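Accompanying notes for the structure given below.
No value in this document is a laboratory result; all are computed from the given coordinates. Quantities reported herein were computed from a predicted structural model and do not represent experimental measurements. FYI the Cβ positions are ideal-geometry reconstructions off the backbone, even for glycines, and counts take in every protein chain you see.
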Amino acid sequence: MTLNTRIELALHNPHLQRALDANYTRSQEKRNISMGALPDSALVRNRARAIRLEALRNLDQYLVQLETQLTARGGVVHWAANAQDASAVVARIAKAACSRLVAKSKSMVSEEIHLNKRLQADGFKVVETDLGEYILQLRNDVPSHIVAPAIHLTRADVAETFEEQLGLPAGVTPAQLATDIPLLTSMARTALRTVFIEAGVGVSGVNFAVADTGALCLVSNEGNGRLVTSLPRVHIALMGIERVVPTMADLEVLLRVLSRSATGQNITCYTSVVCGPRRAQEPDGPAELHLVLVDNGRAAMLGGELAEALLCIRCGACLNVCPVYREIGGHAYGSVYPGPIGALVTPALGGMREFGELAQASSLCGACQEVCPVRIDIPTMLIKTRTLHLAATGGAPVWNAGLKIWSWAMRAPWMYQLGLRVAAWGAALRATAGPLRLPGPLAGWTDHREFPRIASTSFRARWAARQRGQATKASAAAKRTDRWEF
């Protein structure tokens, strides 16, 4: 299915449109209030950007430092060059743990490397414990947002799914279930409780890893993250190599802007700092902690034109404000990372030929850069991505031919003037039929907007007439002056 087809399906899905509209209003209001209440928010954002830039400029040093510190605390660090290596490492650790039940908290990297499919193919039962991810797993669906994976669903959708998969509670009607959010939450909690207790392996993501201490920071609004990282005997943390920060002081700055940008909170309900496996004197925690550092194309990005996209802290603010994402949702992008930042990260990691067209799904309004907590210049990189995609694919033949004709006409004045006359004539003929609609492959421009009327007289003609008028006036004035000369 092409990008255009997915977009059309999303635009004509009223159910999706209602869900997206509700999220945009709510998320933007909360983000603006929370960020506005942050003292010196502009300076904090500048500092956050500087921290991320420093981490990327010396990424190799900070990653080695992270490995050294985490190893000293009893953890094990694994390096994965690509998605296949990363999923293989996790599968190998899970097999060694002798547990067929794997509990997962939300991790975009795990979606990126298609971890669940690999583990399930090896005979593991994988259960998503984040509420949104759990709902999607029951529906055999995929996330549509970086922060709120089930944002495209309504309460009625969730109630219907729970009724089908978990059963209807005694004495509760389907209509009652659809409006009782605490009951829906309780049903999920009851179903997942045994998973936390029985799972031998817990898999989580990592929001940030601190190089000078080896600490792993996990940010969540649900308690499942702490259960997944503490109850199973083995904890496996997945992290893209770019998510390292130099110091704990740097982590504090990034946490201040992350929560405000993502959910409009000063801080999330659960901000956990994991510093290795359980010590001998500690009563709980995992016996093993494994950190899997995933490259999967990130190192190659560092030397390219899209390197700045690696500054992203996955807050999702650019998705919430994007006029395109707000209309089509995340599934229309056909990738793990949707929205403005996804239109950069996805082709950079997954291939410019395959995913570069995502950069076309943008109005280049700049709203994404305005709300980005680390001030990523997304609009400029979207233009770069369009250029790289054109170079990788050679462009569409019909557009290439059209641009060649346009280039030739612009270099031949007579052809340019003839084209304007033909366009004005054609526009005049179609004016009687209502708003002007462009023909053929140009029709997309006028499907949702009215094309400006073409002037009946060109600028060149008006300029020539003006010059002739001025010359005539000058000549007449000169003749009047001559009459009084002796």
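The phi torsions of the range 7-15, fed into the Karplus equation with coefficients 6.51, -1.76 and 1.60 and a -60° offset, translate into couplings of 5, 4, 4, 5, 5, 9, 10, x, 4 Hz, rounded to whole numbers, with Gly and Pro shown as x. Distance from the C-alpha centroid of the range 1-59 to that of the range 280-305: 25 Å, rounded to the whole angstrom.
Tell me, Ile341, Ile267 in order of fewest to most beta-carbon neighbours within 10 Å? Could the numbers behind the result be given before it?
Working: Ile341 25, Ile267 13.
Taking fewest neighbouring Cβ atoms as first place, the list is Ile267, Ile341.
Among Glu308, Glu164, the order by Cβ neighbours within 10 angstrom, fewest to most, reads Glu164, Glu308.
In the chain, the calculated helix contribution to ellipticity at 222 nm averages -16500 deg cm²/dmol per residue, counting -39,500 (n - 2.57) for every DSSP H run with n ≥ 4. For Gln417, put the label point 7 Å out on the Cα→Cβ axis and report which residues of the range 458-473 keep their amide N under 15 Å from it. Only 458-468 fall inside the zone, counting backbone N under 15 Å. When the charge dipole of the chain is built from unit charges on Cβ atoms (+1 for Lys and Arg, -1 for Asp and Glu) and taken about the Cα centre, the candidate among Gly167, Gly276, Leu16 whose Cα reaches farthest toward its positive end is Leu16.
How would Ser458, Ser110, Ser27 line up from fewest to most surrounding beta-carbon atoms within 10 angstrom? Mind showing how you got there, number by number?
Working: Ser458 16, Ser110 28, Ser27 23.
Least to most surrounded, the residues fall as Ser458, Ser27, Ser110.
Our coupling estimate for the range 209-222, obtained by passing each phi through the Karplus curve with A = 6.51, B = -1.76, C = 1.60 and θ = phi - 60°, is 10, 9, 5, 7, 10, x, 7, 10, 9, 10, 10, 7, 9, 10 Hz, Gly and Pro reported as x. The range 333-383 and the range 142-205 have their alpha-carbon centroids 31 Å apart.
Test of understanding: what is the full-extension gain from Thr380 to Gln470, defined as 0.36 nm times their sequence separation minus their Cα-Cα distance?
Values: separation 90, 0.36 × 90 = 32.40 nm, distance 4.48 nm.
That works out to 27.9 nm of additional length.
Counting lysine pairs in the chain whose alpha carbons fall under 29 angstrom apart, excluding pairs fewer than 8 residues apart on the same chain, gives 12. Site pair Ala424 and Asn46 shows an inter-label distance of 5.2 nm when each label is modelled 7 Å from Cα along Cα→Cβ. From the coordinates of this entry, semi-axes √(5λ) of the Cα gyration tensor in Å is computed, and it appears in (1) 41, 28, 23; (2) 54, 27, 22; (3) 45, 29, 18 under the label (2).
Under the classification rounded if a/c is under 1.5, otherwise prolate if a/b is larger than b/c and oblate if not, where does the range 77-118 fall, given a ≥ b ≥ c as square roots of the Cα gyration tensor eigenvalues? Oblate, because a/c is 1.5 or more while a/b does not exceed b/c.
Counted residue by residue at 0.36 nm each, then reduced by the alpha carbon distance between them, the extension gain from Leu9 to Asp180 reaches 58.5 nm.
Among rounded, prolate and oblate, which fits the range 38-296 when a ≥ b ≥ c are the square roots of the eigenvalues of its C-alpha gyration tensor, a/c under 1.5 means rounded, and a/b larger than b/c means prolate? Oblate. Cysteines in the chain lacking any other cysteine Cβ under 4.7 Å from their own Cβ: Cys98, Cys217, Cys269, Cys275, Cys312, Cys315, Cys322, Cys365, Cys372. The charge dipole of the chain, taken about its Cα centre with unit charges on the Cβ of Lys, Arg, Asp and Glu (plus for the first two, minus for the last two), comes to roughly 2260 debye.
Based on Cβ point charges of +1 for Lys and Arg and -1 for Asp and Glu, what charge dipole magnitude is obtained for the range 38-296 about its Cα centre, in debye rounded to the nearest 20? Don't skip to the end; give the middle numbers.
Values: 25 positive and 27 negative charges, 68 e Å.
I would put it at about 320 debye.
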